[in-house]
Amino acid sequence: MSPKLQNLLKIQELKKSKALKNFQHILDNPKYRSYTQNSVAVSVAIGLFCGLLPAPFQMLSAATASYLFQTNILIAVGLTLYSNPMTIVPLYYLGYKIGESVLGLRIYKSDETYIEKSNLLNWQNLFLEDTTNFNQFFSQISTESFSTVSWNLIVGNFILAISLAVSGFILTHIIWQTVKVLKNFRSN
């Protein structure tokens, strides 16, 4: 490991922290901060998968999975940050749409007519024009519709998380091999 990388991680300063005293055996073990090709690739996959879990459990689940798979904990935990307040809405919307297409479940009004996408996408216009629209909109969505949304979101996010994890794993290996070939090519 290069000296620049060691300075960047500042492992020694982490070891002195009172909050991490119980995790000293993990910090001392080099396999949990190794930078081998497979360790990094699995850590990337774990971080991308755990990033779509509900917010309070992302980093904790990434650290736990990295510990169980004996991979780089810092990479896995750091990669969960791709789902942040700026990106979570588009990611969850994409997950919802994937779930909707896989399960075929749609949101219906009480009279069994499909709620138009334009109404869902233009919710600001619905609610800002007249407050009665706000009440009407939510009174038309039944408990079944919330269940539909939940299942679409759960299944879609699971499929999206698996897809991101597999893609991240494969891309990490491809990039690692490409860099390795380029280094060998430049040295010759």
Considering S83, S43, S61, which residue is farther than 15 Å from N157 by Cβ and either among the hydroxyl-bearing types (S, T, Y) or surrounded by 24 or more Cβ atoms within 10 Å (Cβ to Cβ) (or both)? S43
Of all residues being over 30 Å from G95 (Cα atoms) and among the aromatic types (F, W, Y) in the stretch 13-65, which is modelled with the highest pLDDT? Just the residue, please. Y35
Could you please find all residues in the stretch 50-74 being within 13 Å of the chain's Cα centre (by Cα) and in a helix (DSSP H, G or I)? C50, A55, P56, F57, Q58, M59, L60, S61, A62
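The values are calculated or read from the model by the stated rules, or taken from the named source; none is laboratory data. What you see is a predicted model; the values in this text were computed from it and never measured. With ideal geometry, Cβ positions are generated from the backbone for all residues, glycine too; neighbour counts draw on all protein chains shown.
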